[in-house]
Amino acid sequence: MHDAAEHLAAIVESSDDAILTKDLNGIVTSWNNGAEQLFGYSAADIIGKSITLLLPDDRQDEEAPILARLRRGERVRHYETVRRRKDGGLVDISLSVSPLRDATGTIIGASSIARDITERKRAEEQQQLLLREMDHRIRNLFTLSASLRIVGI
């Protein structure tokens, strides 16, 4: 059993994804290296502090419903949102949150996994921009074609 726990701890620590836990009041209780890389806070910086440090001002209302769902034993799967890094910069993330239970099955907190989706979001925005530009150009060609027919060319 001890080897399995060490193995799982090694997996969590080596993950590129941010993996953290918090209690039912939203206080961070664990923080892996992936979380440090993604958000810029060391474990010493954030353990014992509120997870709301990561929420931008316009998203402060997101945490209470997540904690309420966790208390009911529900999971939050692949929720796309934005979080604030230690340097104040914003990062697009995909967030999954699962209830964390003790040995008796009582929900004592949450396990969260956050993945940086900033590059994917940028690529999607670039694709949308290109599609709008292409649509605009096609409409211009149709307008030009229609005007040439009217003129009789």
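The values are calculated or read from the model by the stated rules, or taken from the named source; none is laboratory data. Please read these numbers as outputs of a predicted model, since none were measured by experiment. Note that each Cβ is placed from the backbone with ideal geometry, even for glycine, and that neighbours are counted across all protein chains shown. In case anyone asks, the SASA skips ligands and DNA or RNA and just uses the protein heavy atoms, side chains included. Shrake-Rupley method; radii C 1.70, N 1.55, O 1.52, S 1.80 Å.
Per-structure values
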{"quantity": "Asp3 paired with Ile47, simple spin-label distance in nm, labels 7 Å along Cα-to-beta-carbon", "calculated": "2.7"}
{"quantity": "Accessible-area composition of the chain, carbon plus sulfur, in percent [1.4 Å probe]", "calculated": "56"}
{"quantity": "Charge tally in the Cβ shell below 12 Å around Ser98, where Lys, Arg are +1 and Asp, Glu are -1, Ser98 excluded", "calculated": "+4"}
{"quantity": "Ile107 paired with His136, simple spin-label distance in nm, labels 7 Å along Cα-to-beta-carbon", "calculated": "4.8"}
{"quantity": "Diffusion constant of segment 1-80 at 37 °C, which comes from Stokes-Einstein with the Kirkwood Cα-pair radius and 0.692 mPa s, µm²/s", "calculated": "237"}
{"quantity": "Candidate lysines - alpha carbon under 24 Å from Lys22, same-chain residues fewer than 8 apart omitted", "calculated": "Lys49, Lys86"}
{"quantity": "Cα convex hull volume per residue for segment 101-153 (Å³)", "calculated": "100"}
{"quantity": "Cα long-axis angle, helix 2-14 against the chain (0 to 90 degrees, to the nearest 10)", "calculated": "30"}
{"quantity": "Potential extension, Asp92-Asn25 segment - 0.36 nm per residue separation minus Cα distance", "calculated": "21.7 nm"}
{"quantity": "In sequence order, calculated HN-Hα J values of segment 33-38 (Karplus, 6.51, -1.76, 1.60; Hz; x Gly/Pro)", "calculated": "4, x, 5, 4, 5, 6"}
{"quantity": "Alpha carbon Rg of segment 38-153, scaled by the compact-globule rule 2.2 N^0.38 Å", "calculated": "1.74"}
